[in-house]
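The values are calculated or read from the model by the stated rules, or taken from the named source; none is laboratory data. Just so you know, these numbers come straight off a predicted model, no measurement behind them. Here the Cβ positions follow ideal geometry from the backbone for every residue, glycine too, while neighbour counts run over all protein chains shown. Ligands, DNA and RNA are stripped out before the accessible areas are found, and what is left, the full protein with its side chains, is counted by its heavy atoms. Shrake-Rupley method; radii C 1.70, N 1.55, O 1.52, S 1.80 Å.
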Amino acid sequence: MAKTTLHTLLEQKRSGEKFTCLTSYDATHAHLVSTQGTEIILVGDSLGNVVQGRESTVPVTMADMVYHTNCVRRGNTEAMIMSDIPFMACSTPEQTYANATELMQAGAEVIKLEGGAWLCDTVRGLSERGIPTCLHLGLTPQSVSMLGGYKVQGRDEESAARMLEDARLLEEAGANILLLECVPSPLAQEITRNASIPVIGIGAGAETDGQVLVLYDMLGMTHGRKPRFVKDFMAEASTPAEAIATFVKDVKEGRFPAPEHGFSA
Ligand code: KIV
Ligand code: NA
């Protein structure tokens, strides 16, 4: 497989070939994920939960994200590396430029930010400066206190309309990718159809252009209650490499996610 770029993802969106994204936080996992056909590695701030054992992603710092992005970069072969801007590290455009610089210099190729249209100026500024962005909409875990828990977003007419508008404005501002988490499948489908940039989903149904999962979840390593969008691909695999290859194949061939992994309107 050739090195994945933004161009690859756009081509795949146009041709209807689904792409995959998995999280990684270290070199070994990055090598494993990138050699099994996964187009994107997400250095997610979910590392706060699965690596650091925290209750939420709120305590994750820029120093953590830079450290793990460096680790992933050393193990990656051909995936595109996307890193999260952590909690309150993108509150002004200037702060975001400085933090995005650190992540890009550590090995990120796309910067992921949680939030809607209020980020348009920041996204425009990053785009003008040559920094690609992915905008995370729907359930944005950094805002868990404001959202009152990890709940499906965009279920009522008003919030669905707002998400559609956020997606449109962010694309117009220069966003390169959208990511929808815990969004009713019909709404995710509508956002994906309207967008000319690639849309990645998690708990957003089968109609988004790409699918993302937390690596530890899909390898069946996460303890406690699992979100409904998670599938344990280790259950029928004999090695982690085989589980990842099956995930990639199942997404490309339309077997994952199944209706039971998504949410209705
Ligand atoms: O941090 C993360 O792993 C994420 C994904 C769940 C999309 O943001
Ligand atoms: Na995240």
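Given the structure, is residue 260 on the phi < 0 side of the Ramachandran plot, outside any helix (DSSP H, G or I) and exposed (fewer than 14 other Cβ atoms within 10 Å of the Cβ)?
Considered against the rule, which asks whether it is on the phi < 0 side of the Ramachandran plot, outside any helix (DSSP H, G or I) and exposed (fewer than 14 other Cβ atoms within 10 Å of the Cβ), residue 260 comes out as no.
Pick out the one residue from 89, 30, 98, 79 that is away from ligand 1 (no atom under 16 Å from the Cβ) and at pLDDT 95 or above. Steps first, please.
Numbers: 89 fails: away from ligand 1 (no atom under 16 Å from the Cβ); 30 fails: away from ligand 1 (no atom under 16 Å from the Cβ); 79 fails: away from ligand 1 (no atom under 16 Å from the Cβ).
Result of the check over 89, 30, 98, 79: 98.
Looking only at region 1-10, filter to residues that are part of a helix (DSSP H, G or I) and not polar (S, T, N, Q); which one of those is surrounded by the most Cβ atoms within 10 Å (Cβ to Cβ)?
9
Condition test on residue 114, is it at pLDDT 95 or above, within 15 Å of ligand 1 (Cβ to nearest atom), under 17 Å from the mean Cα position of the chain (by Cα) and among the acidic types (Asp, Glu)?
Yes.
Mind listing just one residue for me: the one in region 11-36 that is open to solvent by 50 Å² or more (accessible area, probe 1.4 Å) and part of a helix (DSSP H, G or I) and, of those, farthest from residue 196 (Cα to Cα)?
Restricting to residues being open to solvent by 50 Å² or more (accessible area, probe 1.4 Å) and part of a helix (DSSP H, G or I), the top hit is 28.
Could you look through region 66-76, keep only residues that are open to solvent by less than 10 Å² (accessible area, probe 1.4 Å) and within 16 Å of ligand 1 (Cβ to nearest atom), and pick out the one that is nearest to residue 26 (Cα to Cα)?
Filtering region 66-76 for residues that are open to solvent by less than 10 Å² (accessible area, probe 1.4 Å) and within 16 Å of ligand 1 (Cβ to nearest atom), the one nearest to residue 26 (Cα to Cα) comes out as 72.
Quick one: in region 46-60, of everything that is farther than 16 Å from residue 107 by Cβ and open to solvent by less than 10 Å² (accessible area, probe 1.4 Å), which residue is nearest to ligand 2 (Cβ to nearest atom)? If you could, list the steps in order and put the result at the bottom.
So the first thing to find is which residues in region 46-60 are farther than 16 Å from residue 107 by Cβ, and the list is 46, 48-60.
Subsequent filtering for residues that are open to solvent by less than 10 Å² (accessible area, probe 1.4 Å) retains 48, 57, 60.
Values: 48: 9, 57: 6, 60: 9 Å.
Applying the filter and picking the extreme gives 57.
Taking the stated definitions as given, is residue 39 touching a strand residue (DSSP E or B) at 6+ places or on another chain (Cβ under 8 Å), within 23 Å of residue 233 (Cβ to Cβ) and not hydrophobic (A, V, I, L, M, F, W, C)?
So residue 39 passes the test.
State which residue is least open to solvent (accessible area, probe 1.4 Å) when the search covers only region 239-257 and only residues that are in a loop (DSSP other than H, G, I, E, B) and either free of Cβ contacts under 8 Å to residues at least 12 places away in the same chain or of a type in the set (Asp, Glu) (or both).
Residue satisfying both the conditions and the ranking: 239.
Can you list residue pairs whose Cβ atoms sit under 6 Å apart, with the first residue in region 103-114 being closer than 15 Å to residue 89 by Cα and open to solvent by 10 Å² or more (accessible area, probe 1.4 Å) and the second being part of a loop (DSSP other than H, G, I, E, B) and within 16 Å of ligand 1 (Cβ to nearest atom)? Count only pairs 6 or more apart in sequence or on different chains.
Filtered contacts from region 103-114: 114/140.
Name the one entry in 133, 140 that is touching a residue at least 12 places away in the same chain (Cβ under 8 Å) and within 30 Å of residue 245 (Cβ to Cβ). Working first, answer last.
Details: 140 fails: within 30 Å of residue 245 (Cβ to Cβ).
None of the other options fit; the residue is 133.
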